[in-house]
Every structure is written in structure tokens, then in C-alpha cells.
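Enquirer: Attaching a single structure in C-alpha cells format; questions to follow.
FYI, it's all coordinate maths here, none of it is from the lab. In this text, all values refer to a predicted model and were calculated from it rather than measured experimentally. Don't worry about glycine lacking a Cβ; one is built from the backbone with ideal geometry, like all the others, and counts go over all protein chains shown.
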Amino acid sequence: MSMATGSKFMPPQATEIAKSVDSLYEFLLIVSFISCVLVIGGLIYFAIVHRRKHEGEKTPYIAHNTTLEFLWSFIPFVIFMVVFVWGWVVYHQLRHMPENGLEIGVQGQKWDWTFIYKSGRKTAGEIYVPVNQDVKLLMTSADVIHSFYIPAFRTKQDVVPGRYSALWFNANREGTFQVFCTEYCGDKHSAMAAKIHVVSREKYEDWVQTDAYKGLSSVEIGAKVYGQRCIACHSLTPTPEGANPIAPSYYGLFGKQEKLDDGSTVLVDENYVRESILNPNAKIVAGYKKGIMPTFAGQLSEEEVMGLIDYLKTVK
């Protein structure tokens, strides 16, 4: 996580809008604290000072004060209007999309994020953007409602199947910032995370032109794909007895005879693994639910599929 500056009680501030959001939050906190002290403090004060001193004492007659009555209604109204206008200005900044920004497609699905650049390059679980650059994310979902939240940027947007939603940001400092899904989307909702790498313009241009898997062996490519796509559901260790995992473990899986939900068996070989990646509902392992794993057809290249198969062979 970047060591960007910010409040001790808030995530790092990595955009100018983050500073505006924090300022509004701090104002609300201070006003709420003062109001609490005045109301609760006044209540305690009057309860003590004007308590009945002895049996039979009558409550004194207290005349109303028009000025005070006006002030304790007018002052909260003024504060409310200040907060409303201030909040509207910040919201307008968040929702006003810049023109000619760097546009990146985002697809959410249980339980990972895919990022699609205009050049055709795709990444999973991480995104690279240049510092001090307007960036627009055009987002959709392949299954259920997700929500794309970047705490350091103070921005969040729901990602809905069947339509596009968008958010934008301009990161003013380099670093790596965490992305979370903040709309409950199933058993592995908490594992649906990604990272935004904010780098210099030169590093970004180098990254865009560089092959993501340059210099990596097929197994290393598979290990990288596993860390980006599969780790949320498939473990690399034996499944403990009595456990109820959401998906089969990769441990010792390749070459194994798996029992399917229709009572038949299948050998876990290259063709079965490939089919499970591209058409996961074709064969369901006994004890697991249909429809949990999304299809990766069109999302993984042949190089990535082969790499994942080769990596699977090493998990023993």
C-alpha cells in the first residue's frame, strides 16, 4: 500500500477529491461533536441546577425566549444547508466525467476483476495507470451486482450485469492502492480484490508495450494466472476432512479420477481441465454446486489456459 499522506483515522489520500471528501467528513464530525456537547451538556446542567431541592418545591415558571427559539432552529438549518451544498459540490466532482481521459474497461465476476485496455491488453486483479492522468473506468458485471471501491481515492460505484456504469479518478501520487468489492456477491466476496498501480508516464508506456508473460515459463504463467483468477476458490492444499469448500482443491488433482454429480467418473487430464475453464458447467464434480464457477471463455488466452494446465500438474 502506498504511504500517501492522509488522516490518522482515514485511508491514504491519493486524489484531490479524497481531500475534499475528508474535509467534509471532518466538518461533520466536529459539528456533530459540538452539537452533542451542547445538547447532552445542557441536559445534564439543567438536570443538576434545576433539580428539586426539597419535598413540595414547585417548578418555577420559565417564560419562553423568542430569540433563543429562533437561533436553535436557524443555526442547525444554516449548518444543514452548508453541508448540503458542500456535499453536492463534492458529489458533482465525483460524477462529472472528464473528457479525453484514459478509458479502461472493467468486468466483474465472481470473484475477480478483469481490466481491458483499448490496445486489447487484458489484466486480472491489477491495473496500471499513469500518475496525474484522468482515468475513466467503464464497468459491467458478468453475473451479479458488484461494487468497485478504491478507499484511497474515496470513490465507489456499483457494477451491474447487463449495463455499463462508470467512475473516474486522477491519482496525484505514485503507489499501489487496494480495490475492494463492497457489494456482497457470494461466499468469496471478501476475496474479490484488486490493486491499482499508479506509475510514472514513462513506466506506464513501458508496461503497455511489454508482454505480460515475457521471460516466464509455461508453469510460471500458470502460477500467475492462478494467483489472479483461481486463488479465491481453489486451494493448493489437501481439503480437510469434513470441510465444505466452494470448489475442488488443486492439490493432487491432475491425473485423478473425479466422480461427477451424475454418478459417472472422469479423468482429470488436459481436455477436462480446458473444458472446466471454458465451459465449467459441462461436468460438475459430485458435492459441488452448478453455476458457481463462471466461464473464462474469451477472457483467457490459449497461452494462459495451457500455462494453468501445466501449473496444475505441479501441485502435488
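Enquirer: If the cut-off is a Cα-Cα distance under 21 Å, which lysines reach residue 256, setting aside same-chain residues fewer than 8 apart in sequence?
Expert: 283, 289, 290, 313, 316
Enquirer: Summing +1 for each Lys or Arg and -1 for each Asp or Glu, what net charge is found among the other residues whose Cβ lies under 15 Å from the Cβ of residue 313?
Expert: Result for the neighbourhood of residue 313: -1.
Enquirer: Can you put 112, 206 in order, fewest other beta carbons within 10 Å first?
Expert: On the way: 112 24, 206 12.
Result, fewest neighbours first: 206, 112.
Enquirer: Another question, if that's okay. To one decimal place, what orientation-averaged projected area in nm² is obtained for the convex hull of the Cα set of the range 154-281? Write out the running numbers ahead of the final one.
Expert: On the way: hull surface 47.1 nm².
If I average the Cα hull's projected area over directions, I get 11.8 nm².
Enquirer: Extent of the chain along each principal axis, from alpha carbon coordinates, in Å, largest to smallest?
Expert: 92, 54, 35
Enquirer: So what are the range 16-95's ellipsoid semi-axes, whole angstrom, largest first, if each one is the square root of 5 times an eigenvalue of the alpha-carbon gyration tensor?
Expert: Details: eigenvalues 325, 46, 7 Å².
Ellipsoid half-lengths, sorted descending, are 40, 15, 6 Å.
Enquirer: A further question follows. Could you calculate the contour length gain from residue 85 to residue 121, that is, 0.36 nm times the residue separation minus the distance between their Cα atoms, to one decimal place in nm?
Expert: This chain segment gains 8.8 nm when fully extended.
Enquirer: Can you give the FRET efficiency to the nearest 0.05 for residue 134 and residue 10, using r as the Cβ-Cβ distance and R₀ = 22 Å? Display every interim value, and only then the final one.
Expert: Details: r = 23 Å, r/R0 = 1.06.
Here the calculated transfer efficiency is 0.40.
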